[in-house]
Each structure stands twice: as structure tokens, then as C-alpha cells.
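Since the structure comes first, as C-alpha cells, the remarks are kept for the end.
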Amino acid sequence: MANFSASSGRQSVELNLDGISKAFGTVFAVRPVSLTIEPGLLVSLLGPSGCGKTTTLRIIAGFEAPDTGRVLIGGKDVSDLPPNKRNLGMVFQNYSLFPHMTVGENVAFGLKVAGTPRDEIGRRVKDALSLVQLPGYEDRYAHQLSGGQQQRVALARSLVTNPSVLLLDEPLGALDKNLREVMQFELRRIQQQLGITTVLVTHDQEEALTMSDRVAVMSQGRILQYGSPTEVYATPTTRFVSEFLGTSNLFRGKVAGSDGAGLSRIQVPMAGGASLALRVKVADGARQDDFALVAIRPEKMRLGRSAPEGSDHVIGQVLDHVFRGTYHAYQVSVPGRETPLFVYQQAIDADGQGVFAAGSQVHVSWLPTNAVYLADDEAKPGKPS
Ligand SMILES: Nc1ncnc2c1ncn2[C@@H]1O[C@H](COP(=O)(O)OP(=O)(O)OP(=O)(O)O)[C@@H](O)[C@H]1O
Ligand SMILES: [Mg+2]
């Protein structure tokens, strides 16, 4: 990605977290975390409540001093600088507009503090309000604005000083679902137009996946996986990431050799003595009898009266299904397996078959390339629950 955003004439910078950590008494809010965010990218910190997202953001901003590590903005160590000297813009979940000031005064605030000349302030406030599509709103007060409009003003206020990094902590958390989606597009448009390096904190999987260039999935103060939305969704490396980013069908078994074509064969024991054989790619190779956990997304599974050539499959019985607008969500019970399989499928599948009624005998099949091998986070102490 280019370092220079032509439309805004601004330089995008790299953001580095170099081994930052923070404990509050006995609570390790952030374990040593290292992360390099390339110039101009929008990166989400995604994770459940209490995993350390806000603390990480506050360390970047300078509101919290880390116990260890450094923060670098554009290659420069800012660890010893106060928040107002780091050239950052910030937006929080709760609209933090000053209620006694107009929109114009709110947006102008940072420029006034910096001693910017009066006519320049007027011009830049006008530009910032146009950027967030609220031109001419200078004279309103916060209570005369909708929630979405207030967040646009908060964004304009954080961008008017031309910061090099934008920090957003659940900025859309207080908005209802529809408005939230509109604002997701809006925020992304503005971020890309400016080419501004951005860290977005969210616990909403969909928001992180749709808005970000990269997602950092956090659990218990650590980044468990960092990658593009497609990578973290389609090839999670741990059970936690797999399950946090959506529904997964899990199979627990043992490595039982190789198929000779680059895939490992996994033997999954079923109650009653039977077992299921499936194939999966194991990145670092696998040893015979190694424990194996395999995940398959519901939309990567197929229901049919038979299984296509080259796929792996299991036979089961449809328990139930619900229509979800664009697909049917099936639950299929498999003899000897404790939990049903979830399968998402179009109403009419590739065979031209319609909906499978409850009680139907079906083949649930999938391509081995859609099976994902997960690291064993079961056996370890302190596993994410
Ligand atoms: N000032 C503080 N004093 C003591 N403990 C704190 C403080 N700030 C955060 N913590 C603790 O640190 C951990 C991480 O908190 P943090 O606010 O970073 O989580 P979060 O991921 O932002 O969660 P949420 O999604 O609920 O906002 C939590 O266990 C929290 O209780
Ligand atoms: Mg938080």
C-alpha cells in the first residue's frame, strides 16, 4: 500500500508496539504484546470483554504507562510523551462531545488549544464537517443531534488536528444495528480517504471482519492471531479464534498417518466404537498418534443424498433447520457424536435438491482443503473458555 494518500496530501505512518505489557495488581491486563501496523492500515483489536483491548489502546494513547515495552509512531519512540504530544486522534464509545459547546466549537477545540489562527480554524472545521458529511452543522448543540451524528462530530473533532494515528474504542457501540452498519461504511470510507493508520477496538466479530485490513484476535491480554479478515476466519490456528469468529464444527481425534498427497489422516473416535476418518493439512507436519483438533465451518459443509467424489463425509439425520434469509441452517445428529453438526446451505443446493426435512437421512460432506487443523489449546492451563 502506498505511504502517501493523494487525496489528503498526508503521510501515513507505521505504528509499532514493542513488547508492551500492563498489570493492575494481580490482573495481567496486557501480556507482552508486539505488533507492527503498516502505514495506512485499519487494524481491529478483537476479543471478549476484559481481554485487554482498551488497556492496549490507552497505552498507545499515553493514558496508561506500560510496565514494559515501547510504543513507536512513524519509527519514533513516543513512550515518554504525554497523550497530547503523540499526534493522535481518539473516539470513544460514549459520545464525549462537550455539551455546553456547539458542534463548531467542539470540532475547533484541539485547534484552539494549539493556538491555530482564527480564520484557519474556521476553514478546517468546515472541511472536517464536510468529511463526515455534516456540512453546515456548526451552530447545533450535541443534544440536537442523533447518536450517529454525534459520533460523526466526535470523529471530525479527532481528525481536525490532522493526527498521524486514529484510535477508536468501540466508537459505534452505542448505535442501533442499522445505523451501526451505515457508520461502519462511513468510517471505513473516511479512513481510506485519509489513508490514516487506525486501531479499532471492538468485540463485534462482524464489525472487525468487514471493516479491517488486519484483525488482531485477543484473549487474556495476548494476541492469539494476527492476519487479514479472511485468514483469521478461514484458517484460525487455535480453537479460541475458530470459535470466537463464528460457528465451527469441531472433531477431536488422533493422527493416523498421511494420505500421500500432503494431507494427514485423522481418526476421530465415536461413541459405540465406530470411528470417522477425515483428512486435513497440518502445517508443520504431524506425528503418528498426535492429538488433533479439526474445525470445519458450517458453510463449508454440504448436505446431500450422497457425498461428492474427493470429499470426506459422515452420515447423519437432520434434527432441525431454520431459514435465515439467504440460507438454511441445519443441525444434523451423527450417531456416536455428542454434538450435532451445523451446516449452512442454500435452499436449493448444487444437485437441485430442496430443503431436507427433519428426520431425513443425509450425507454431510466437505472438501479436506476446507478442514482446519487447530493447535491443542485444550490441554494447556489457562485456556480461554
Ligand atoms: N484501571 C484499572 N484498574 C484495575 N484493573 C483494570 C483497570 N483497567 C482495566 N483493568 C482490568 O484489566 C483487564 C483488561 O481490561 P480492558 O478494559 O483493557 O478490557 P477490554 O478488552 O477493553 O474489555 P471490554 O470489552 O469490556 O471493554 C480487565 O480484567 C480489567 O478489569
Ligand atoms: Mg474496553
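Computed from the coordinates by the stated procedures, all read-outs in this text should not be read as laboratory data. On a predicted model such as this, the values are computed, not experimentally measured, just so you know. Ideal geometry is used to build each Cβ from the backbone, glycine not excepted, and the neighbour counts take in all protein chains shown.
Working note: Cα atoms of segment 104-221, range along each principal axis, descending, whole Å: 46, 29, 25.
Pairs with C-alpha atoms separated by more than 28 Å, drawn from the list 76/112; 85/126; 53/300; 254/300; 53/76, are 53/300. Charge tally for residue 234 (other residues, Cβ to Cβ under 11 Å; Lys, Arg +1; Asp, Glu -1): 0.
Each of 167, 103, 360 was placed along the dipole of the chain (beta-carbon charges, centred on the mean Cα), and the one lying farthest toward the positive end is 103.
Compute the longest continuous run of the chain that contains no exposed trypsin sites (Lys or Arg not before Pro); treat a site as exposed when its DSSP state is not H, G, I, E or B and it has at most 12 other Cβ atoms within 10 Å. Counting at most 12 other Cβ atoms within 10 Å as exposed, the longest clean stretch of the chain is 1-286.
Roughly how many debye, to the nearest 20, is the charge dipole of the chain about its Cα centre, given +1 on each Lys and Arg Cβ, -1 on each Asp and Glu Cβ, and no other charges?
400
Here the relative contact order of the chain, from alpha carbon pairs under 8 Å that lie six or more residues apart, stands at 15 percent. Remark on segment 4-243: ratio of C-alpha radius of gyration to 2.2 N^0.38 Å is 1.00.
Relative to one another, the C-alpha centroids of segment 315-346 and segment 153-209 are positioned 36 Å apart. Summarising the strand pairing of segment 60-182, around 40 percent of its internal DSSP beta bridges are antiparallel. In terms of other Cβ atoms within 10 Å, 77, 18 run from fewest to most in the order 77, 18. With both bridge residues required to lie in the chain, what share of the DSSP beta bridges run antiparallel, to the nearest 5%? Antiparallel bridges make up about 75 percent of those DSSP assigns within the chain. Along the axis of the charge dipole computed for segment 244-374 (Cβ charges of +1 for Lys and Arg, -1 for Asp and Glu, origin at the Cα centre), the listed residues 370, 346, 315 are led at the positive end by 370. Note on residue 123 and residue 72: their simple-model spin labels are 3.6 nm apart, each label 7 Å out from Cα toward Cβ.
For segment 244-374, the Kirkwood radius over C-alpha pairs fed into Stokes-Einstein at 37 °C and 0.692 mPa s yields D = 216 µm² per second. Considering only 251, 306, 282, whose Cα is most displaced toward the positive end of the charge dipole of the chain, charges sitting on Cβ of Lys, Arg (+1) and Asp, Glu (-1)? The residue sitting most towards the positive pole is 282. Within the chain, the longest segment free of exposed loop sites, counting GluC sites (Glu not before Pro) that fall outside DSSP classes H, G, I, E and B and have at most 15 other Cβ atoms within 10 Å, spans 1-308. In a simple Cβ point-charge model (Lys, Arg +1; Asp, Glu -1; nothing else charged), segment 178-227 has a dipole of about 160 debye relative to its Cα centre.
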